[in-house]
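The block underneath contains the structure these notes are about, expressed in structure tokens.
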Amino acid sequence: MDYDFKRIEEEWQKAWTDQKLYRADMKTPREKYYVLEMFPYPSGRIHMGHVRNYTIGDVVARYKRLKGFNVLHPMGFDAFGQPAENAAIKNNTDPEAWTLKCIEWMKKELLRMGFSYDWEREISTCLPEYYRWNQWIFLKMYEKGLAYKKASSVNWCPSCETTLANEEVVDGGCWRCHTPVREKELEQWYLKITDYSDRLLADLSQLKNWPERVIAMQKNWIGKSFGVEIFFKLEDGGVLRVFTTRPDTIFGATYVVLAPEHPLVKELIAGKRQEQEVLGFLEKVAKESKTARVAADVKKEGRFTGAYCVNPVNGEKLPVWVADYVLMEYGTGAIMAVPTHDQRDFLFAKEHGLPMKVVIQPADEPLLVETMTAAFETEGVIVNSGKFDGMPSEEAKKKIGQWMEEKMTGKVAVHWRLRDWLISRQRYWGTPIPIVYCPSCGTQPVPDKDLPVRLPKNAAFTGEGGSPLAKSREFVETVCPACGQKARRETDTMATFIDSSWYFLRFCSPRCENEPFDKKEAGYWMSVDQYIGGIEHAVLHLLYSRFFTKFLSDLGYARIAEPFDRLLTQGMVLKEGEVMSKSRGNIVDPDAIIKNYGADTLRLFILFAAPPEAELDWNDKGMDGAWRFLNRVWRLADGISRGTAPSASDRLNAGPSALMKKMHQTVKKVTSDMEGGFKFNTAISSIMELVNEIYKLPEPEQCSQEAAQAVRVIVLLLAPFVPHISEEMWRMLGGQASVFTAAWPLFDPGLLIEEEASYVVQINGKVRSKIVCPADMPEQEVQKAALSDPRVKEWTAGKTVKKVIIVPQKLVSIVIS
RNA sequence: GCCGAAGUGGUGGAAUGGUAUACACGUCGGUCUCAAAAACCGAUGGGCUCACGCCCGUGUGGGUUCGACUCCCACCUUCGGCACCA
């Protein structure tokens, strides 16, 4: 008889909820442990990615609970976002009602998986009691000058009809719908994340328990580069500032290039012979999309402006060009070109017949412009550079920078790739930006006492461009908080990544009414000890959350530098090596699996099939395997619950049995797998070995008292992975209270000591024999035993033994000539 | 180009420098059965051998070592991030 997963799972889910087993509070001397999984967007249904993410988190939470920690394990919904609004446009529904319905469905599915959440802490970011604090935080940033509005060229998704942050543009397309992003000139709200560039980069080194690749991705994204800003005097007057990371090549500069958008271009060409041609070029570049312009294989184009500037280090007169390969957004929007030592400059100079000059060459051979086929970009020795000649180029990098600073011809500078965070969205279903525009007072923040600025209930969702908020008179028309005159509200809403940038703090005191979160609660629970989620948030959410945490910490609220102590990025769930997706039609629906096998089998399969960080290929046969294993354990527990037989009498005097030893070894192995980085797959496999060990006993022995003891331990070890069946078996075996109020088993190190050691005997590195010796046999004796082994004798006959190496309890390695 | 991760049986995957392939899937064989399913037991890297065994084998080529999937050097391939970033 297979075990009745349906009854068991339903019964225990209800019992756990009724008992409020997972409720967390501060009133306990036990050490706190905050485990959090990235909360979902409430699409209404969970998918395998959620199942994997949340199962991993649940195992951690349950394990830590068994280990005696005071565990906080909350769940909520990242509930603002476009799908609700799109549904509103399509079906004429209310986004809020639609979202709340989806949350209800989704919550049901999460409950069916048996996840141990403290549902009393549930939050939904679309509710005013949550989003008012988004507004509050925004206003604090506004107060500190960190939230500001500026007109700029922004990323625009024509399909979503809204702006996007840099982080939301993936391969030139919208992260959500992949539509190619366009540029648009708009006045928008930004958060000054760049004020935190330094700390966001430096504090990455504190994150010792984050995956290296996430650290690397954030470093890449922040993109700090050291260099020098060099001042080139223009012939027509004024100074041109150029940023370079290669000051060691300054003597080799033969021309200077401006980005087409550079404000100086038009000034420089005014009245010159080249004016019309350059203007035409600027126009042409302006028409090109950024993605096309930035494509690697496109030929670089440029024009001479007719202007000249002076190289401050040697007084050489350099022509000023404008070219499409220089970007306004990076550095100063102007570069010095050194064709001999920069490949792009090299190609451009060849194309336009510009001069070249070698200033670095390999130590052993001179470099000649005439024979160069590519730029020499590696380290070398400085030449043709006045007093720096003969210096290694790496040293010259520093020295030249310093020298230019002294001579006031440049200054050492740092440039960042990170841009400020564009947060305005021209959509309805998000947090209204709490700003009022008054004809007399200008931009006015909404006072705290007037928060939240609520979304209007009856907005019109026509889908015909523009935000529904802008069309809602009830919303737009207001009075100026400063002077009381008629004024209008900002109609953009905030990017939804704002919502998830501090929700982990809200979970500490989700019902807090006069602050975003209670400082004492946050002080107790934060930081998150273990955070678990997908790698897709490596830059976006994880960078924004770090920024918000630092800001709130500066305000005196969070008092921690980093929000997430340990981070685990779980691998994707694939089907036949491909991502599961609707378009591929290869989705495995968790709900159907739960119906056929139960939540425990699904959890076990997902945990067993691959390590948590690795990709996991879905396999129906693997599900069968997990199901078979649970039934194997179930039958043991069932047999034992019907009465145990005494253990074979001769065991009593013969010391601990093989089974008891194996049991203690298993406890040790599973515990170390859990502590040493959540190696669930190998933890489960060692439990399987212990189960197999019991099955190998003659049948009556399978319900002996020793077997009963082993099965009780198995149930405890399995509890974090498969909670329902474990709880049921625990009660069958006599447990009075929940297995989750029990303690994680300990192992007896004394029982791990073997009396006999089995030695592998290697001859010249190859295994030739095995011998068994008493564990405490001295090395001399072991060596003797090995050398007198008949198989070893055969191999050593007629040879000289040159060396014998003994690894205690393990192996004898014999070297013969 | 820079940065990061990874290459192990038919498959998913195990292995503090010490018996490579634990555990599981699949396959084959057996027990039970009138039969099948389920369950239980056994075998299962490749080659040679009647057999005891022997040889080869962790992407490739070197090196260190008594001993290398593991450490070092040089490559190859795959995946991911960044990138006309000056």
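The values are calculated or read from the model by the stated rules, or taken from the named source; none is laboratory data. Just so we're clear, the structure is a prediction, and the values are computed from it rather than from any experiment. All Cβ positions, even for glycine, are placed from backbone atoms using ideal geometry, and neighbour counts span all protein chains on display. All accessible areas refer to the heavy atoms of the entire protein, side chains included, with ligands and DNA or RNA removed. Shrake-Rupley method; radii C 1.70, N 1.55, O 1.52, S 1.80 Å.
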- Query: How big is the Kirkwood radius of the stretch A:39-96, worked out from every pair of different alpha carbons and given in Å to one decimal?
  - Reply: 13.7
- Query: Share of the stretch A:1-44's accessible area from carbon and sulfur, percent, 1.4 Å?
  - Reply: 53
- Query: Over the Cα atoms of the stretch A:49-188, how large are the radius of gyration and the largest Cα-Cα distance (Dmax), in Å?
  - Reply: 19.3, 57
- the stretch A:455-495 - charge dipole about Cα centre, Lys and Arg +1 at Cβ, Asp and Glu -1, debye rounded to 20: 140
- Under Karplus coefficients 6.51, -1.76 and 1.60, residue-wise ³J(HN,Hα) of the stretch A:182-196 in Hz, glycine/proline x: 9, 9, 8, 8, 9, 9, 9, 8, 10, 10, 7, 5, 5, 5, 9
- Among the lysines, which have Cα under 16 Å from the Cα of A:Lys144 when same-chain residues fewer than 8 positions away are ignored? A:Lys192, A:Lys550
- Please work out the Kirkwood hydrodynamic radius for the stretch A:453-551, using every pair of different C-alpha atoms, and report it in angstroms with one decimal place. 16.8
- Item | P(r) of the stretch A:236-338 over all Cα-Cα pairs, binned every 10 Å from zero, in whole percent | 15, 48, 31, 6
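Rounding to the nearest 20 debye, state how big the charge dipole of the stretch A:259-376 is about its Cα centre with +1 on each Lys and Arg Cβ and -1 on each Asp and Glu Cβ.
On the way: 14 positive and 17 negative charges, 75 e Å.
Magnitude of the dipole: close to 360 debye.
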- Principal axis box of chain A, alpha-carbon based, largest edge first, Å: 109, 87, 49
- Counting residues in the stretch A:364-493 as N, plug N into 2.2 N^0.38 Å and put the Cα Rg over that result. 2.10
- Query: At 25 °C and 0.890 mPa s, what whole-number value in µm²/s does Stokes-Einstein give for the translational diffusion of the stretch A:1-65, with Rh from the Kirkwood sum over Cα pairs?
  - Reply: 169
- Helix A:658-675 sits at what angle to the longest principal axis of chain A, using alpha carbons and giving 0 to 90 degrees rounded to 10? 10
- Item | Estimated 222 nm signal from helices in chain A, with DSSP H stretches of n ≥ 4 weighted -39500 (n - 2.57), rounded to 500 | -11000 deg cm²/dmol
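With r defined as the distance between the Cβ atoms of A:Arg632 and A:Lys108 and R0 fixed at 35 Å, what FRET efficiency is calculated, to the nearest 0.05? It would help to have the intermediate numbers written out before the result.
Numbers: r = 31 Å, r/R0 = 0.88.
The pair A:Arg632/A:Lys108 has a calculated efficiency of 0.70.
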- Query: Counting only heavy atoms of protein chains, what accessible area per residue, in Å², does chain A have with a probe of 1.4 Å?
  - Reply: 45
- Which of the GluC sites (Glu not before Pro) across the stretch A:2-38 are loop residues per DSSP, with 16 or fewer other Cβ within 10 Å? A:Glu31
- Task: Please provide three numbers in whole Å: the alpha-carbon extents of the stretch A:185-236 along the principal axes, with the largest listed first.
- Result: 56, 32, 17
- Query: Counting every Cα pair in the stretch A:506-587, what percent are over 18 Å apart?
  - Reply: 55
- Once you have the Cα-Cα distance between A:Lys486 and A:Asp554, take 0.36 nm times their residue separation minus that, and quote the gain in nm to one decimal. 20.9 nm
- Note on the structure: Relative to chain A, whose Cα atoms define the longest principal axis, helix A:95-112 and its Cα axis are tilted in degrees, nearest 10, by 30
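Round to a whole number: what % of the accessible area of the stretch A:226-353 belongs to carbon and sulfur, probe 1.4 Å?
Numbers: 3120 of 5720 Å².
Of the solvent-accessible surface of the stretch A:226-353, carbon and sulfur hold 55 percent.
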- Carbon + sulfur, % of accessible area of the stretch A:416-479 - ligands and nucleic acids excluded, 1.4 Å: 50
- Task: May I ask you to derive the FRET efficiency for A:Leu279 and A:Gln402 from their Cβ-Cβ distance with R0 = 60 Å, giving the value to the nearest 0.05?
- Result: 0.90
- At what distance in angstrom do the alpha carbon centres of the stretch A:600-618 and the stretch A:743-817 lie from each other? 38
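Past the 15 angstrom mark, what percentage of all C-alpha to C-alpha distances in the stretch A:310-358 do you count?
Working: 584 of 1176 pairs.
Cα-Cα pairs in the stretch A:310-358 separated by more than 15 Å: 50 percent.
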- With just the Cα atoms of the stretch A:732-806, tell me how far they stretch along each of the three principal axes, in Å, largest first. 70, 22, 18
- Could you work out the Rg to Rh ratio of the stretch A:533-675, with Rh taken as the Kirkwood radius (inverse of the mean 1/r over all Cα pairs)? 1.15
- For the stretch A:98-142, build the charge dipole from Cβ charges (+1 Lys, Arg; -1 Asp, Glu) around the Cα centre, then report which of A:Gln135, A:Tyr117, A:Cys102 sits farthest towards its positive end. A:Gln135
- Message: Rounding to the nearest 10 and keeping the result within 0 to 90°, find how far the Cα-based axis of helix A:620-641 lies from the longest principal axis of chain A.
- Response: 40
- So who's got an amide H within less than 5 Å of the one on A:Gly173, skipping anything under 5 residues away but keeping other chains? H placed 1.01 Å off N, in plane. A:Val181
